[in-house]
Number of protein chains: 2
Amino acid sequence: MPQEYEIIIVGGGPAGLSAGIFIARQKVSCLLISKDLGGQLNLIPKLENYPGTIMSSGPLLAKTLENQFLMFGGEMIYDTVERVDEVESGIKVKTTRSEFTAKAIVVAPGKVPNNLGVENESAFVNKGIHYCTKCDAPFYQGKTTAVIGVGAYLLESGILLSRMASKIYMIYKGGALGGDKEMIAAIEKKENIELVPQSSVKSISGGNNLQTITIVDNSGTEKVVNVDGLFVEMGSKINLDFIKHIVKLNTKNEIEVESDGKTSHPAIFAAGDASSIPYKQIVAACSGGANAGLSAFNYVEKLKGRPGIRADWKKTIGDTVFHY
Amino acid sequence: MPQEYEIIIVGGGPAGLSAGIFIARQKVSCLLISKDLGGQLNLIPKLENYPGTIMSSGPLLAKTLENQFLMFGGEMIYDTVERVDEVESGIKVKTTRSEFTAKAIVVAPGKVPNNLGVENESAFVNKGIHYCTKCDAPFYQGKTTAVIGVGAYLLESGILLSRMASKIYMIYKGGALGGDKEMIAAIEKKENIELVPQSSVKSISGGNNLQTITIVDNSGTEKVVNVDGLFVEMGSKINLDFIKHIVKLNTKNEIEVESDGKTSHPAIFAAGDASSIPYKQIVAACSGGANAGLSAFNYVEKLKGRPGIRADWKKTIGDTVFHY
């Protein structure tokens, strides 16, 4: 029997966590399922434009949002949502390890890293293949690593790995590193970094864990290199394969949302970078999450025959209207 | 000659300040005009549902937003906007003390306190008449005060004043105080509070400052009372008299906005509680402000023939798309 919650949230970035804060605060049972904590917040070492925080960082904001969510009684598990379907009791959420049902769900998966696109890649995920250097570099202290990527992602990854790993191959398509000049200068001074320009990774292999990668350069010359870990830093994309069969997407493959977070499915609400909001900002994700969370709560209340929370928090005492 | 800015923001609550953060960060000249700092944030002693802050308060959030705005180079003045008009160079903003022009404006006036509705009321504003007990009670230490109001606003005002003033008349329409029982019990124990039920304030008078109020009860009996200050705690409303002649309002008298903060006027953008957003939450005001601010910036950039900031902060390096 799948475990039941009133509302399930998919995604642990700013949109999902904010939805959770507003739902859990209303004392309904609420589970947040995410691959990680923070999502793209983990890519922001210095955060200066989130209203209300000074000298902050993406991971610190993520941790604060998580604290708020848990403080209000929300539950969180780390798992991957594979498919969402309509069932008699509401919505079924199938994850890699389990199955859940809910009366309503809030979908806030954000963007996920781009794959390298080689055979067997998924078999080595977290067994040598990693998509977040900031998250996973510490596992490679004293080991041999490679990073393939682009732009600032690549530079940051190289610098981070150079502090941990004994050897780093930095693999990139162009003839020269691009981006911040100080960072490039720092990289060029590191003795444990070997630059591999005009190249890409053609294939990977190993047993239980990744063991070798095959690097190919622009002239087609191949080179097999032993590595313990390969970091893929190729940017990110929206992936809605788990839900696109039951909600309407727009031409950009984002979930179409109204300003209150409603989608084409009455029990499914959405927020964040995977939704059709005009500016993909953290504060927009948080606000979208709050709206979607309140709309999901109101939907569940309505199923129970209750009025829900009024949209603009008006309260009438005597003959005077209060606005909260 | 009116002073010129590229963008002017009307309103210093969470929406206006957030708009300011996103505009000033783009290094365009930006003036924020507001009656106060924080607006309705000043009514929130304990703030627990703003994503990203724990153990905070409305005034602390307002101060943080102001710091961010000023840090990015924004300017702020305390004044009241009386009228907004279209002029050849863009938009003219007339305030009580001055006049400004801008290429675009962001309108985020939020809600303002309800008046008492008696003659000469405006003449005594801040000269005995106050609409925010939390803000102004400290000016009445050891003095005689009255508060007229409803519900929780009234209770909070009474308790606050009881710590400062030597005497407090609490005037209300009903037969008994309504709201939180502990607060009512606390009020009933205060020796310096005199409850005046089933009553209202019929008129006020004074010289330079307020001196007397005339209280009338349900039976029509009048009583003149000497007071140094009268606090009006009657909730709040949206007031768009200064701009309703050039932007479209909806049936609730809110400025109609699209999800990116655009209004019916191409050079006017809006956000916050005075705009047609579904949930009047602080984080929604901040996000609306960010969106309106970015849209205003993009509008001004377009006037200069520049491309503006792309909506979803994509960046293409080589053949890979980055999402910020």
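Just so you know, all these numbers are worked out from the coordinates, no wet-lab data involved. All values derive from a computational prediction rather than experimental measurement. Note that each Cβ is placed from the backbone with ideal geometry, even for glycine, and that neighbours are counted across all protein chains shown.
At-a-glance table
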quantity	calculated
Nm distances between copies for A:Glu119, ranked from closest, using label points 7 Å along Cα→Cβ	9.4
Cα gyration tensor shape of region B:121-233, rounded if a/c is under 1.5, else prolate or oblate by comparing a/b with b/c	oblate
Packing-based exposure ordering (other Cβ within 10 Å, fewest first) of B:Cys286, B:Cys132, B:Cys30	B:Cys132, B:Cys30, B:Cys286
Chain B Cβ-axis minimum, rotational copy A, residue and distance in Å	B:Ser287, 2
Candidates per trypsin sites (Lys or Arg not before Pro) in region B:5-81, loop by DSSP, up to 11 other Cβ within 10 Å	B:Lys27, B:Lys46
Partnerless cysteines, meaning none of the other Cys C-beta atoms lie under 4.7 Å away, in chain B	B:Cys30, B:Cys286
Label 7 Å beyond Cα on the Cβ vector: B:Asp79 copy-to-copy distances, nm	5.9
Footprinting exposure proxy for B:His130, A:His265 (fewest neighbouring C-beta atoms within 10 Å first)	A:His265, B:His130
At least 24 Å along the helix axis (C-alpha) and Kyte average at least 0.5, DSSP helices within chain A	A:282-303
GNM result for chain B, Cα springs below 10 Å: residue of B:Lys252, B:Lys103, B:Lys94 fluctuating most strongly	B:Lys252
Cβ-vector label at 7 Å, A:Glu194, separations to other copies in nm	9.1
Likely footprinting exposure, B:Thr263, A:Thr80, fewest C-beta neighbours within 10 Å first	A:Thr80, B:Thr263
Longest DSSP-loop-exposure-free segment, GluC sites (Glu not before Pro), chain A, at most 11 other Cβ within 10 Å	A:192-324
Linear extension gain, B:Asp217 paired with B:Lys190, 0.36 nm per residue minus alpha-carbon span	7.5 nm
Averaged over A:271-282, number of beta-carbon atoms from partner chains that fall within 10 Å	5
Total formal charge among the other residues, if their Cβ is under 11 angstrom from that of A:Ser57, Lys/Arg +1 and Asp/Glu -1	+2
For B:289-298, mean number of other protein chain Cβ atoms within 10 Å	3
A:Ala176-B:Asp241 FRET efficiency (beta carbon distance; Förster radius 41 Å; 0.05 resolution)	0.10
